[in-house]
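Have a look at the structure below before the remarks.
The values are calculated or read from the model by the stated rules, or taken from the named source; none is laboratory data. Everything quoted here is computed from the prediction, not taken from an experiment. Reconstructed Cβ throughout: ideal geometry from the backbone, glycine too, with neighbour counts over all protein chains shown.
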Amino acid sequence: MEENRCAKGPNAGSVTKVIYSNQGDTASHTEMHMDVGKAETVVVIDAKYLGGCPAGMKPGDLMMNDGKIIPGAN
């Protein structure tokens, strides 16, 4: 678990907590809770390794519904 508190700037007083858990080498679960004043944002990410990249793609690339490949930031 990781916790960050913002002391300066427009988000001063905000708290972010992140909880990471891995399930072996093939899956992970991440929860991020961000409290800013009276509002809270929660982000949940579940990731699972499905296999190697398809032909023409590399890790980080994104394939759109129309088949167009958008390069990742590698």
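For residues in the range 24-74 being assigned to a strand (DSSP E or B) and either touching a residue at least 40 places away in the same chain (Cβ under 8 Å) or of a type in the set (D, E, K, R) (or both), which is farthest from residue 1 (Cα to Cα)? The extreme case among them is 48. Residues in the range 16-31 that are loosely packed, with under 14 Cβ neighbours inside 10 Å and β-branched (Val, Ile, Thr): 19, 26. Across the range 23-33, a minimum of one residue is classified as at pLDDT 95 or above and of a type in the set (A, V, I, L, M, F, W, C). Here residue 14 fulfils each of the conditions (1) out of contact with any Cys (no Cβ under 7 Å at 6 or more places or on another chain); (2) at negative phi; (3) of a type in the set (Gly, Ala, Ser) apart from (1). Filter the range 1-15 down to the residues that are hydrophobic (A, V, I, L, M, F, W, C) and surrounded by 10 or more Cβ atoms within 10 Å (Cβ to Cβ), then identify the one that is nearest to the chain's Cα centre (by Cα). Residue satisfying both the conditions and the ranking: 15.
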